[in-house]
1. Around D122, which amide H atoms from residues at least 5 apart in sequence, or from another chain, sit under 5 Å from its own amide H, with H modelled in the peptide plane?
2. Between Rg and the Kirkwood Rh of region 18-134, both from Cα atoms, what is the Rg to Rh ratio?
3. Where does each of 71-84, 107-120, 41-54 land if you order them by average Cβ count within 10 Å, highest first?
4. Report ³J(HN,Hα) in whole Hz for each residue of region 20-27, in order, from the Karplus equation J = 6.51 cos²θ - 1.76 cosθ + 1.60 where θ = phi - 60°; Gly and Pro get x.
Amino acid sequence: MSSEVEKRLEYGRIGKPQIKKDELNKYMGNFRERVYLTMTVEQMRKEYYQKALIDRLDSGFSTTATLHIHAEIAKELQSIYTKIAKEKEIAFTFYSNNETIAPTTIGLVICSKEAVNIEHVDISEMYPNAESQFGNPKENETKKEGFFHKLFGK
């Protein structure tokens with residue numbers, strides 16, 4: 001009986017012990033087995049990964065899927081991904097653990113309320129050729145000659 005009282009006092013003093021605390025912090029309060037997709041802050045800045053995310057959202061998720069955005073990233077990035085979430089009609093929330101973030105920190109997580117057990121959740125593993133697949137085709141094209149260049153040949 002005294003051990004039960006000691007447990008309750010300990011929980012009151014320091015809180016109830018958490019299961020997989022590091023995993024919960026990494027995946028913005030979610031367990032790994034519930035995660036569909038992750039993006040680092042660095043990946044979130046790249047337009048071709050944004051297009052890859054849209055492609056992945058178009059392939060469908062459970063109706064219970066939620067997009068979690070790290071609250072510490074730049075507001076411009078937050079607005080890009082909230083706009084995508086609204087367009088694709090997926091629920092989104094902001095997550096903050098009051099820690100500073102680095103480019104390799106996970107800045108976006110799409111997860112479910114139930115386990116989905118997807119082996120590769122990083123967007124770079126799902127789309128290894130994202131840059132060539134979704135990159136800007138205009139960068140690869142040769143510059144077109146304008147009207148005056150054709151007219152005067154300069």
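1. Result for D122 returns T38.
2. On the way: Rg = 13.2 Å, Rh = 14.2 Å.
On the Cα set of region 18-134, Rg over Rh gives 0.93.
3. Order by mean packing, descending: 41-54, 107-120, 71-84.
4. For region 20-27, the Karplus curve yields 6, 4, 5, 5, 4, 5, 5, 9 Hz.
Computed from the coordinates by the stated procedures, all read-outs in this text should not be read as laboratory data. Keep in mind that this is a model prediction, so the values were computed, not measured. Here Cβ is always computed from backbone atoms with ideal geometry, including for glycine, and neighbour counts include all displayed protein chains.
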